[in-house]
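The next block holds one structure in the form of structure tokens; read it before the comments.
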Amino acid sequence: MKPIPIDTNVKRAIIFGAGRIAEALMPILACVGFRVWIFDNDPEAAKEERFLQADRVLCGDYRRLPDYLELTQDDFLVVLTPRHAFDYDVQLQVLRGDCGDFGYLGVISARGKVPETKARLRADGIMDAQLDRIHSPIGTPIRAVSPEEIAVSIAGEMILERTIMREGEQEAHHKCPMK
């Protein structure tokens, strides 16, 4: 299967893992202007009827991402797979540049697991500059618990990072027209 060419004028969000958080996150991201792709290795999870607003739903092997994806600096990657091993496989390939570059990489993880994962990635040849690009645990710290709350937290972080890419680092603020 050949990688699908993409339009780099619009930010694409690729969600790895088609679980409950992905189901909650996908419509939020679509609503705020991302082109959303879902990628999962389970044919039962990666069903288009579960993700009607997604631009694309792909089923493939997490260990062979270059067979399915060609990434650009405009891509936002969200890693929500059901297993740490799959999360690791995605991160390793993305950070090595196997699929191209990316703009944002967020990984769901327990805070205590992050140093262990980074140490393992470092041992597999990933440089600190690349490791510093990982947003993990993903999302803004709003004490989210439910999949829906976690999705809001993730979307908030992604919106902020997209704005920083566009406008540069500035003080965070709200541009509410009501003054």
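Observations on the model:
- In the stretch 71-118, the residue that is nearest to Ile134 (Cα to Cα) out of those that are at pLDDT 95 or above and of a type in the set (Lys, Arg) is Lys118.
- Looking across the stretch 128-145, the residues that are part of a helix (DSSP H, G or I) and surrounded by 12 or more Cβ atoms within 10 Å (Cβ to Cβ) come down to Gln130, Leu131.
- All positions within the stretch 15-41 that are without any contact (Cβ under 8 Å) to a residue 40 or more places away in the chain and surrounded by fewer than 17 Cβ atoms within 10 Å (Cβ to Cβ): Pro27, Cys31, Gly33
- Of everything listed in (1) surrounded by 14 or more Cβ atoms within 10 Å (Cβ to Cβ); (2) touching a residue at least 60 places away in the same chain (Cβ under 8 Å); (3) under 17 Å from Asn41 (Cα atoms), the single unmet condition for Gln91 is (2).
- Among residues of the stretch 90-99, those that are closer than 22 Å to Leu25 by Cα and of a type outside the set (Val, Ile, Thr), counted: 1
- Going through (1) free of Cβ contacts under 8 Å to residues at least 24 places away in the same chain; (2) open to solvent by 70 Å² or more (accessible area, probe 1.4 Å); (3) farther than 29 Å from Glu149 by Cα one by one, Gly97 falls short only on (2).
- Qualifying residues in the stretch 72-88 (those that are charged (D, E, K, R) and more than 16 Å from Val36 (Cβ to Cβ)) - the one least open to solvent (accessible area, probe 1.4 Å): Asp87
- Of all the numbered requirements in (1) at pLDDT below 95; (2) open to solvent by 80 Å² or more (accessible area, probe 1.4 Å); (3) in a helix (DSSP H, G or I), Glu148 misses one, and that requirement is (1).
- Within the stretch 51-71, the residues that satisfy the criterion of being open to solvent by less than 30 Å² (accessible area, probe 1.4 Å) and within 15 Å of the chain's Cα centre (by Cα) are Ala54, Val57, Leu58, Tyr62, Leu65, Leu69, Leu71.
The values are calculated or read from the model by the stated rules, or taken from the named source; none is laboratory data. Bear in mind the structure is a predicted one, so any value in this text is a computation, not a measurement. Note: ideal-geometry Cβ built from the backbone for every residue, glycine included; neighbour counts use all protein chains shown. Side chains included, ligands, DNA and RNA excluded: accessible areas come from the protein's heavy atoms. Shrake-Rupley method; radii C 1.70, N 1.55, O 1.52, S 1.80 Å.
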